[in-house]
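Written out below as structure tokens is the structure these notes cover.
Just so it is clear, none of the values below were taken in a lab; they were calculated from the coordinates. Since we're looking at a predicted model, the values are computed, not measured. Note that we place each Cβ from the backbone using ideal geometry, even for glycine, and neighbour counts take in every protein chain shown.
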Amino acid sequence: MVFRLRLPCESRAVAAARGTITNVAGLLGVDQDVATLVASELVTNAVRHASTGDGMVLSVYANRACWFVEVVDHAPTLVPQLPHGDSCFAHLTDDATSGRGLPLIVLLGGTLEVHSVGQGRKAVSATLDYEPGI
């Protein structure tokens, strides 16, 4: 089962993503708080860094082992380096006001990927272990 939501590349998209992901997480049996955080962070990054273009598409799906959240937006420039491992907060200072979202996903056990999907679009996805019954 795949859930897709087309969103504008505007700040109001974050609230729409949160509302939708809460329901979808319940249907998939994944932790709603974690799912909401992951979707919020990916959508927020698209709003901040992508062109408004055709907006973005938020997709959520699961298999027996993992669940996935992906945002496809109109930003042909790929993120140069996604956070990973224990050092994912190393670049942040105590007074930093941004830059914590993707590292939080990693600390929750997520794996991040970014790739071009053609026609000036990119996809950023988070994969997390699926634990039925949460």
At 0.36 nm per residue, minus the direct Cα-Cα distance, what do Ser116 and Tyr130 gain on full extension? Give it in nm, one decimal, please.
-> 2.5 nm
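For a quick protection proxy, order the peptides 39-50, 115-126, 21-32 by their average other-Cβ count within 10 Å, most packed first.
39-50, 21-32, 115-126
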